[in-house]
1. Once neighbouring chains are kept in place and the probe is 1.4 Å, which whole percent of the accessible area of chain B is contributed by carbon and sulfur?
2. Could you work out the per residue convex hull volume over the alpha carbons of the range A:195-234, in cubic angstrom?
3. Check the straight Cα-Cα distances from B:LYS142 and name the lysines below 18 Å, setting aside those fewer than 8 residues away within the same chain.
4. Quick check of the Kirkwood formula: for the range A:23-94, what is the inverse mean of 1/r over all pairs of different Cα atoms, in Å?
5. Rounded to the nearest whole Å², what accessible area per residue is found for the protein assembly as shown with the 1.4 Å probe?
6. Sum -39500 (n - 2.57) across every DSSP H segment of at least 4 residues in chain B, then divide by the residue count to get the 222 nm mean residue ellipticity, nearest 500.
7. If we count every other residue with Cβ under 10 angstrom of A:ILE282's Cβ, Lys/Arg +1 and Asp/Glu -1, where does the sum land?
8. Under the classification rounded if a/c is under 1.5, otherwise prolate if a/b is larger than b/c and oblate if not, where does the range A:443-522 fall, given a ≥ b ≥ c as square roots of the Cα gyration tensor eigenvalues?
Amino acid sequence: MSTGEKVAGSVANYVDERTGAAKWLKKNLTKVFPDHWSFMLGEIALYSFIILLLTGTFLTFWFDPSQREVIYHGSYLPLNGIHMSAAYDSTLHISFDVRGGLLMRQIHHWAALLFMSSIVAHMLRVFFTGAFRKPREFNWIIGIGLLTLGIVEGFLGYSLPDDLLSGTGIRIAEAIIQAIPIVGSYLTFFAFGGPFPGTSFIPRIFTVHVLLLPGIFLALITVHLMLVWYQKHTQYPGPGRTEKNVIGYPLMPVYMAKAGGFFFIVFGISAFLGAVASINPIWLYGPYTPGQISAGSQPDWYMGWLDGLVRMAPPIETHAFHHTISWNILIPGVIVPGIFFTFLALYPFIESWMSNDKREHHLLDRPRNAPNRTALGAFGITFMLVTLANGGNDLIATHFSLSINQITWMSRIGILILPPLAFFVTKRLCLSLQRADRELVLHGKETGRLVRLPHGEFVEVHEPLTDAQAWTLTQHEQLPALELPEVDAHGVLRPGGLRNRFRAKVSRSNAEAIAKPKPDDLKGIEDH
Amino acid sequence: MSDKAPRLSDPGLPEHVHRKADTDPAAAKKAERQVAILFTLSALGTILFIYSYIWVKTDRFIFIPIMGDQNASQLGMGIGLTFSLLFIGMGAIHWAKSLMPDNEVAAERHEFRSEEADRADFVATVKEQGAASGLGRRSLIKRSLGLSLGLIGLSPLLLLRDLGPLPKKSLEQTSWKTGTRLVTDPSGRPIKPSDLEVGAVAQVLPELQPGQERTLENVGKDAVLLIRLRPEEFELSPERLSWTYQGIIAFSKICTHMGCAVALYEQQTKHLLCPCHQSTFDVPRAAKVIFGPAARPLPQLAITVDSEGYLVAQKPFTEPVGPSFWERSS
Ligand code: HEM
Ligand code: FES
C-alpha cells in the first residue's frame with residue numbers, strides 16, 4: 001500500500017467511525033448519470049453561479065454601496081473633479097486602480113449573462129423533452145423560481161454601480177412600482193426611503209444582491225440538485241433504455257472528472273470573455289442624475305423583452321374619480337409578464353390535465369412526438385423574440401433605415417399574429433416529422449441504388465432500419481384523447497358539461513398524432 | 001422485398017465498443033502524455049497571471065490588432081487566468097474520456113409511491129399523533145392558536161413601515177414657485193430671452209434660495225427644458241400661449257411615461273423624443289404625444305420675465321410632473 005492510500009484509508013476510517021458514512025457514500029459514489037450534451041446546460045448554470053459567488057465576493061471588498069456624494073480624483077482623468085455617488089466612485093476605483101479589478105467586474109458580468117442564458121437553455125431542454133412531467137414537477141417550479149429571481153438579481157447587480165445607464169433602469173423600475181393601483185406610491189416611498197432617487201436604494205439593493213438573493217439561490221439550487229439526485233436523471237429513449245432503468249456512467253470517477261473539468265472550462269470561458277470583451281464600461285456613461293440620459297440605452301438581454309413590451313404598449317391611461325390607472329405601464333410591466341410566468345410555472349399541471357396522464361415518466365420525449373407541447377414552446381419563444389426585437393427597435397431602425405414608428409407597428413401586429421402562426425406551423429411540422437418516421441420504419445432508408453426488375457421497371461433499393469433504430473423511432477406511447485361524455489349512463493346531462501367539453505377539446509388537440517407503426521404493419525409488408 | 005424488416009421490440013443495450021487506449025498500451029501512454037501537456041499549459045497560464053499582476057503596470061496599454069489599445073495588466077492577467085482554467089478543464093475531460101472506464105452501466109429505478117401498507121400506516125400515525133395533541137377536541141386552543149398564528153405575520157410587515165415616509169403630496173409638488181428664476185444647469189446662471197436663439201434648447205432648474213441645496217430628488221422633479229420657436233409656429237390655446245414668452249416655451253423634462261429625461265430635440269420636426277421608449281412629443285402643440293407609450297403631454301411651465309429681464313416662472317406647475325400614480329387626479 002502506498003502512503004497516499006494509507007492516509008486516505010485512515011481518514012475514511014476516522015470519518016466513518018463518527019458518521020457511518022461509508023455505506024451511503026459507497027452507494028452514491030457509484031451512482032449512475034446518463035450522458036448527453038443537453039444535460040450540461042443546467043451544469044453551466046450551476047458553475048456560472050459559483051463563478052458569480054467568487055467574483056462577486058471579490059468585488060464587495062472594494063465596492064462602497066453608498067449614495068453619499070463624493071468628488072472623483074482617481075486615475076480616470078476625464079471624470080476628474082466630477083461629483084458622483086460613492087458607489088460610482090468605488091466602481092471606477094475597482095475598474096482602474098485595483099489590479100485585476102476590471103477583469104473581475106467583467107467576468108462577473110459575463111458570468112451573469114452566461115447564468116441567465118444557460119438557465120433559459122436548460123429550461124427549454126426540460127420543456128421540449130417533457131422532463132418536467134411527474135415526478136419532477138417540483139423541480140420545474142424551483143427552476144422557474146430561479147429564472148425569475150435571476151432576472152431580479154441581474155437587474156439589481158446592474159443597478160449597483162449607479163451610473164447614468166443603470167440609474168435610468170432604476171427610474172423605470174420605480175415607475176412600474178408607482179403605477180400599481182392603490183399602493184404604488186406608498187411602495188416606492190418605502191423602497192426608496194422617500195422620493196426617487198433618495199440615498200437609501202443602492203445600500204438596500206446591495207444587501208439584497210449579495211446576501212438575500214444569493215442565500216435563496218443557494219437554498220433553491222441545493223433542493224433542486226438533491227431532487228435530481230434522489231429522483232435520478234431522466235434519459236433519452238433508445239435500445240435498452242426503459243422507464244425502469246438508468247443507463248450511464250458512474251459518478252466516480254468518470255462523471256466527477258468530466259463535471260469537474262467542465263467547471264474549469266466554463267470558468268475559463270468566462271475569464272476569456274472578461275479578458276478580451278469589454279462589458280458595461282460605466283466610465284463612459286458618467287454618474288447618474290435624473291436630469292440627464294444616455295441615448296441608445298439597452299438593458300441586458302434578460303430584461304430586454306420587458307423593455308420591448310413596454311415600448312410597444314399603446315398609450316392608454318384611465319383617469320376617473322380623481323385616480324389614475326396607467327395601462328401603458330401595467331399591461332407590459334405587470335400583467336403580461338405575470339400571466340406568462342404563471343402559465344410557465346403551472347405548465348406541468350396543465351399538460352397532465354390535458355392528457356389525463358398521472359404516471360411517472362423517466363424517458364424523455366422526442367419533441368416531434370409531443371406536437372402540441374412543442375408548438376406551445378414555439379409560441380412562447382416567438383412571443384419573446386418579437387418583444388426582444390422591439391426592445392432593440394432603435395438599433396434595428398438605424399441599421400435597416402426604417403422608422404421607429406414602422407417597427408413599433410410591425411411589433412404590435414407581430415406580437416398578435418406571429419406566436420399563433422408559430423404554433424400552427426410547428427405543430428404541422430411535428431406531424432410531418434412523425435409521418436417521415438413512420439415511412440422510415442415501414443420502408444427503410446433510401447439508398448440511391450436503382451435495380452431493374454425482371455419486367456424492366458426500375459426501383460430504388462430501400463435499406464431497412466436496424467432493430468435499434470426502429471425501436472428508437474417507435475418506443476414512445478401514443479395516448480388517446482380524453483373521453484368526457486357530456487351525459488351520464490342514464491342520459492342525464494352531467495354537471496360541469498361546458499368545462500368537460502372544453503377539456504375534451506383541448507385534450508383532442510393535445511393528443512393529435514400520426515399513428516406509429518405496429519409490428520403487424522411490418523408483417524404485412526414482409527408478406528408482399 | 002427480401003430484406004428483413006426490423007422487429008419493433010427493444011433489442012436491449014448495444015454491444016460495448018472498446019477504445020484504442022483500452023487495448024493498446026502505446027495509445028494509452030500517448031493519451032497520458034497529452035493529459036500531462038494540458039495540465040502543464042495550465043501551470044504556464046498561472047505563471048503569466050502572476051507575472052502580469054506583479055510586473056505589468058496598471059497604466060500600460062498595448063495595441064492588439066482588431067481589439068485596439070488594451071490595458072496590458074488586465075489583459076495579461078485575464079489571458080493567464082483563462083489558460084490556467086481552460087487547460088485544467090481540458091486535461092481532466094481528456095483524461096476521463098481516453099483513460100477512465102467507458103462502459104455504460106445500468107441502475108434500476110423504483111416508483112416513488114410508497115407501498116400501500118406504508119401509506120396506510122403513515123395516515124394512521126398522523127391521525128393517532130394528531131389525536132394525542134387533542135387539537136381536534138379542544139376548539140378553544142385551536143381557535144386561539146389560529147388567531148395568534150394569523151396575527152404573528154403582521155409584526156415583520158409592520159417593521160417594514162419605517163423604510164420610508166408616506167408620500168403625502170410630495171409626488172404632486174416641485175420647487176417651482178411664482179417668480180422663481182430659471183437658471184442654467186449645471187452652471188446656475190439666470191437666463192434672459194436673448195440668450196436663446198430661435199431653434200435652441202436649454203436645460204434649466206429653479207434658482208436656489210440662499211441656504212438651499214439641490215438634491216437629486218429635486219432635479220428629478222424640477223428639470224425643465226426651454227425651447228425657442230418663432231411665435232407664429234405655435235398652435236396653442238390662448239391660455240397656453242400666454243404661458244410662453246417671445247416664442248420660448250418651457251416643459252418638464254421628466255417623461256410622463258416612466259420618468260426618463262426627455263433629452264432629444266429634433267429641430268426640423270420640432271419633436272421632443274424620449275430615448276427610453278421613444279415617446280414623441282410635438283412642441284408647437286403643447287407637447288402633445290404623437291407617438292410611443294406615453295399617455296400624457298409633458299406638463300408646461302408658465303414663464304415670463306421679471307423686472308430685471310430674467311426668465312421666471314409665472315406660477316408653479318399646474319399638474320404633477322413625471323410618471324402617473326394612483327392618486328393623480330387628471
Ligand atoms: C446569480 C447571481 C448574480 C448575478 C446574476 C449578478 C449580476 C451582477 C451584475 C450584472 C452586476 C453589474 C456588473 C457591472 O458592473 O457590470 C453585478 C454587480 C455586482 N455584484 Fe453581482 N450578480 C450575482 C451574484 C453576486 C454575488 C453572490 C455577489 C457577492 C457576494 C455579488 C456582488 C456584486 C457586487 C459587489 C457588484 C457591484 C460592483 C460592480 O458593479 O463592479 N453578485 N452583479
Ligand atoms: S420614459 Fe419616456 S418613453 Fe418611456
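1. Its accessible area is 59 percent carbon and sulfur atoms.
2. Residue-normalised Cα hull volume stands at 74 Å³.
3. Answer for B:LYS142, where 18 Å is the Cα cut-off: B:LYS127, listed by chain and number.
4. 16.2 Å
5. 51 Å²
6. Calculated at 222 nm, the ellipticity per residue is -11000 deg cm²/dmol.
7. -1
8. Verdict is prolate for the range A:443-522.
The values are calculated or read from the model by the stated rules, or taken from the named source; none is laboratory data. Note that the structure is a prediction, hence the values are computed from the model and not measured. Quick reminder, even Gly has a Cβ in these numbers, built from the backbone with ideal geometry, and neighbours come from all protein chains shown. Accessible surface is based on the protein model in full, side chains and every heavy atom, while ligands, DNA and RNA are left aside. Shrake-Rupley method; radii C 1.70, N 1.55, O 1.52, S 1.80 Å.
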